[in-house]
Structures are given as structure tokens and as C-alpha cells.
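The values are calculated or read from the model by the stated rules, or taken from the named source; none is laboratory data. Here the structure is a predicted model, which is why all the values come from computation and not from measurement. Note: ideal-geometry Cβ built from the backbone for every residue, glycine included; neighbour counts use all protein chains shown.
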Amino acid sequence: MNTLAILIGLGPLLGWGLYPTIASKIGGRPVNQILGSTLGTLIFAMVFSLVQGLAFPGGRDLFFAILSGVGWATAQIITFQSFRLIGSSRAMPITTAFQLLGASLWGVFALGDWPGMMAKIIGGLALVVIIVGAYLTVWSEDRTSADAGKLKKAVIILLIGEIGYWAYSAAPQATNLDGMHAFLPQAIGMVIVAVVYAIFLSFKEESAFKESVSYKHIFSGFFFAFAALTYLISAQPDMNGLATGFILSQTSVVLATLTGIWFLGQKKTKKEMRVTIIGLLLILAAAAVTVTI
């Protein structure tokens with residue numbers, strides 16, 4: 001594995017690691033965040049496709065690539081809602097754990113991963129460790145009933161959001177596109193969801209199209225787009241491959257969690273911080289096991 005491949009593989013560490021913190025720092029409602037983020041992603045994808053001279057797909061490939069983007073944007077709206085309940089530093093490890101669980105189970109039942117009983121036992125134990133790690137990241141020394149209620153609600157909606165993240169990962173498998181050719185159609189699907197969501201809410205709330213904070217989030221969208229593109233390149237067989245590329249991308253949960261604590265005022269006690277770091281390490285270690293069995 002060469003140095004360039006590793007550097008590209010660590011692109012999501014910066015992009016996805018900083019994206020939730022930047023989006024939370026800019027502020028606004030979830031509708032502002034998703035509208036600006038998807039516009040930023042679309043701009044990034046259009047420029048990349050033009051520079052690379054990539055052909056625009058059609059037919060079945062186009063449909064499933066757009067569906068992939070629809071899945072991500074729908075899930076991200078739900079994730080932004082969870083940020084308002086428990087903060088990005090607590091929500092990100094939970095959603096990462098759910099994504100790891102979803103990807104692993106999809107691989108076992110749909111793609112025939114983990115062949116043999118021993119592989120399934122090791123993989124099953126790794127999934128349990130992921131759940132334990134996620135629990136440790138949200139553990140609190142002095143949790144009130146109100147905090148427990150918010151956490152429970154956040155976990156439920158993040159679990160529902162996993163359906164969208166699953167579609168984001170699974171839908172491209174039904175196409176003949178590589179990641180770079182799927183990137184622009186995915187971005188189009190994301191913007192479609194964001195625009196429909198913003199129009200729907202405009203009948204009940206202030207229109208997100210009229211609020212400047214929506215367009216400030218274009219900046220956060222560049223970070224997501226950078227992460228998505230570098231992951232797609234990293235996962236190519238001639239780079240890091242899907243398994244290693246996936247492991248490297250999951251390192252983003254560490255940066256997302258820690259920057260949320262350091263820069264967004266999502267404070268933890270010293271003991272909570274130690275437990276959180278242990279939880280993050282467990283998630284990363286178990287993730288490495290699930291994709292290398």
C-alpha cells in the first residue's frame with residue numbers, strides 16, 4: 001500500500017470528521033444545514049466532473065445513483081435533528097455504530113460475507129463490541145431523566161436514519177458505475193431531497209431559501225463532498241480497496257466527536273472523557289475486525 005493511497009484514504013478523516021462540527025458551528029435549523037450542505041456538495045461534484053471530463057450516466061445507473069443521494073440526504077436530515085437533542089459529539093458515535101452494524105449485516109445476508117461459522121462468531125462479537133463502544137461514548141456520570149429521554153429519542157431517530165445511510169451505500173451496487181461517475185448523480189439526489197424538504201417546511205416556518213445561514217452551509221457541504229470523493233477513490237481496487245478504505249473512513253468519528261467537545265461546548269467530565277475515548281477505540285477496533293474477517 002503506497003503513501004498516496006493512505007493519504008487519500010484519510011481524506012474522510014478530515015472531511016467527515018469536521019463536517020458535523022462545522023455544520024453545528026454555523027448553526028441554523030436542520031433544513032438550513034441540509035439545504036446548504038447539499039448545494040455545496042453539488043457545486044463540488046459539478047466542478048470535479050467537468051475537470052475530469054466524466055460522462056453523465058443514464059437509465060438504470062442514473063436512477064440508482066440518484067436514489068443513493070436521496071438516501072443520504074434523508075438520513076442526514078434525521079442526524080441533524082439528533083444534533084439538536086444530544087449534540088454532535090454524542091450523536092456521531094451512535095450513527096457511526098449503526099452504519100457499521102448496517103454495513104456488516106448487509107454484507108452477511110446479502111453479499112455472503114463472513115463465510116463459515118467461526119467468521120460469523122467473530123463478526124457477531126465485533127458487532128457487540130461496537131454497541132458497547134457506542135454506549136460508552138454517551139455515558140454520563142449524572143444523567144437526569146430529561147437527558148435520558150432526549151438520548152432515547154435520539155437513538156430511535158438515528159436508527160430510523162440508518163435506512164437512508166444503508167440506501168446510500170447499497171444503491172450504487174445495483175449500477176455499473178464507479179464511485180467517481182456516481183458522485184454527481186448522488187449529489188443531485190441529495191439536492192432534490194433538500195429542496196423538497198425546504199419547500200414543505202416553508203408552508204409552516206420561515207423559508208430556508210430566504211435565510212442567509214442556508215447558504216453559509218455551502219461551506220460545510222464542501223467538507224462532506226471532499227470526504228465522499230476521497231472515500232470513493234480510496235475504495236477502488238487499485239488504491240486501498242473497499243475493506244481498508246472503509247476502515248480508514250471510520251476514523252472520522254474520532255475527530256467529529258472530539259471537535260464537538262472542544263469547539264462546540266459539548267462538555268464532558270474527565271471520567272466521561274476517558275470513557276468516551278475507550279468507546280471510540282472499541283468502535284474503531286471492532287470496525288477493523290468486521291471488514292477483515
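Annotations
- Hits in the range 222-232 - residues which are among the hydrophobic types (A, V, I, L, M, F, W, C) and crowded, with 20+ Cβ neighbours inside 10 Å: PHE223, PHE224, ALA225, PHE226, ALA227, ALA228, LEU229, LEU232
- Long-range neighbours under 7 Å by Cβ, at least six apart or interchain, first residue farther than 20 Å from LEU125 by Cα within the range 264-293, second loosely packed, with under 13 Cβ neighbours inside 10 Å and not aromatic (Phe, Trp, Tyr): THR269/GLU141; LYS271/GLU141; GLU272/GLU141
- Restricting GLY71, GLY17 to those that are farther than 30 Å from TRP139 by Cβ, among the small types (Gly, Ala, Ser) and at pLDDT 90 or above reduces the list to GLY71.
- Of everything in the range 131-180 that is acidic (Asp, Glu) and assigned to a helix (DSSP H, G or I), the residue that is farthest from ARG60 (Cα to Cα) is ASP147.
- Going through (1) without any contact (Cβ under 8 Å) to a residue 60 or more places away in the chain; (2) within 21 Å of LYS216 (Cα to Cα) one by one, LEU7 falls short only on (2).
- When we screen LYS271, LYS267 for residues that are basic (Lys, Arg) and in a loop (DSSP other than H, G, I, E, B), the only hit is LYS267.
- Any hit, the range 199-208, residues being under 14 Å from the mean Cα position of the chain (by Cα), surrounded by 23 or more Cβ atoms within 10 Å (Cβ to Cβ) and in a helix (DSSP H, G or I): no
- Qualifying residue in the range 2-16 (condition: over 16 Å from GLY87 (Cβ atoms), over 17 Å from the mean Cα position of the chain (by Cα) and not aliphatic (A, V, I, L, M)): yes
- Residues of the range 51-97 that turn out to be touching a His at 6+ places or on another chain (Cβ under 6 Å) and more than 22 Å from ASP178 (Cβ to Cβ), as a count: 0
- Boolean, ILE156 is of a type in the set (A, V, I, L, M, F, W, C) and either buried (at least 18 other Cβ atoms within 10 Å of the Cβ) or farther than 30 Å from LEU50 by Cβ (or both): yes
Yes/no matrix, rows are residues, columns are (1) at pLDDT below 90; (2) more than 16 Å from the chain's Cα centre (by Cα); (3) among the aromatic types (Phe, Trp, Tyr):
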| position | (1), (2), (3) |
| --- | --- |
| VAL213 | no, yes, no |
| PHE219 | no, yes, yes |
| PHE222 | no, no, yes |
| ALA227 | no, no, no |
| ASN240 | yes, yes, no |
| GLN250 | yes, no, no |
| VAL253 | yes, no, no |
| TRP262 | yes, yes, yes |
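- Every listed requirement among (1) surrounded by 21 or more Cβ atoms within 10 Å (Cβ to Cβ); (2) over 15 Å from the mean Cα position of the chain (by Cα) is met by ALA97 save one, (2).
- Test: ALA45 is surrounded by 21 or more Cβ atoms within 10 Å (Cβ to Cβ) and over 25 Å from ARG84 (Cβ atoms): yes
- From the options ALA110, ALA91, ALA65, residue that is among the hydrophobic types (A, V, I, L, M, F, W, C), crowded, with 24+ Cβ neighbours inside 10 Å and over 18 Å from THR38 (Cα atoms): ALA91
- Condition check for LEU62: in contact with a helix residue (DSSP H, G or I) (Cβ under 7 Å, 6 or more places away or on another chain), at pLDDT 90 or above and closer than 22 Å to SER220 by Cα: no
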